[in-house]
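Remarks on the structure that follows.
The values are calculated or read from the model by the stated rules, or taken from the named source; none is laboratory data. Bear in mind that the values here come from a model prediction, so they are computed numbers and not experimental data. Using ideal geometry, Cβ is built from the backbone for each residue, glycine included, and neighbour counts are taken over all protein chains shown. Accessible surface is based on the protein model in full, side chains and every heavy atom, while ligands, DNA and RNA are left aside. Shrake-Rupley method; radii C 1.70, N 1.55, O 1.52, S 1.80 Å.
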Amino acid sequence: MKVFFGQIYGEAGVSFPFSHHMQAWLGAQLSELATPNTEFLNMYGADFALMVRISARTNCTENQIKGPTVFKKTKDVEYTLFLPYDAIVAADEGCRAAVRFLLNGIQQIFTLAHIDAADFESRMAFIEEQVCSDEAMLKKPWSVAFPKRGSSST
């Protein structure tokens, strides 16, 4: 099943530096794992894809998920995943925190959308490591995007 990612941020100054390379790479990784179950197939059909829009909100401590929005013309089911901006930016390892929130949100979306991904949990550490260690995954280094006052960032 095809899984796609995009980013859309509605609050001024609230965004994460994930690159389009990360979005494409993550989509390919999860497309290998995702299998629509019978309920998804009955609701939408075998030719529908999943689109996850990554966003962020301030003043929240947990992921928030909106959706689904169904686009019959383009044959996709879309969810928006709002990551908790303040909690991520305050974390010592912000990139890793962001990826963990992102992956947990994707797991929740798979459940809501009736998509099975048997090996998802076993691949989470690999995904986190790739996103946070491959400089192509970010438009700019996390430490530049979110400098910590009074300390050096890694």
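Here are a few things to note about the model shown:
- Single residue of segment 1-22 satisfying the filter (farther than 14 Å from residue 138 by Cα and free of Cβ contacts under 8 Å to residues at least 40 places away in the same chain) that is most open to solvent (accessible area, probe 1.4 Å): 12
- Criterion (within 22 Å of residue 20 (Cβ to Cβ) and open to solvent by 70 Å² or more (accessible area, probe 1.4 Å)) met by exactly one of 141, 147: 141
- Within segment 1-59, being more than 19 Å from residue 97 (Cα to Cα), among the polar types (S, T, N, Q) and part of a helix (DSSP H, G or I) holds for 29, 31, 38, 42.
- Total residues in segment 25-35 satisfying the condition of being free of Cβ contacts under 8 Å to residues at least 12 places away in the same chain and within 13 Å of the chain's Cα centre (by Cα): the figure is 1.
- In segment 58-75, the condition of being surrounded by fewer than 11 Cβ atoms within 10 Å (Cβ to Cβ), under 20 Å from residue 17 (Cα atoms), touching a residue at least 12 places away in the same chain (Cβ under 8 Å) and not aliphatic (A, V, I, L, M) is met by at least one residue.
- Residues (open to solvent by 40 Å² or more (accessible area, probe 1.4 Å) and either more than 12 Å from residue 33 (Cα to Cα) or among the charged types (D, E, K, R) (or both)) located in segment 106-131: 108, 111, 112, 114, 116, 119, 121, 123, 125, 126, 129, 130
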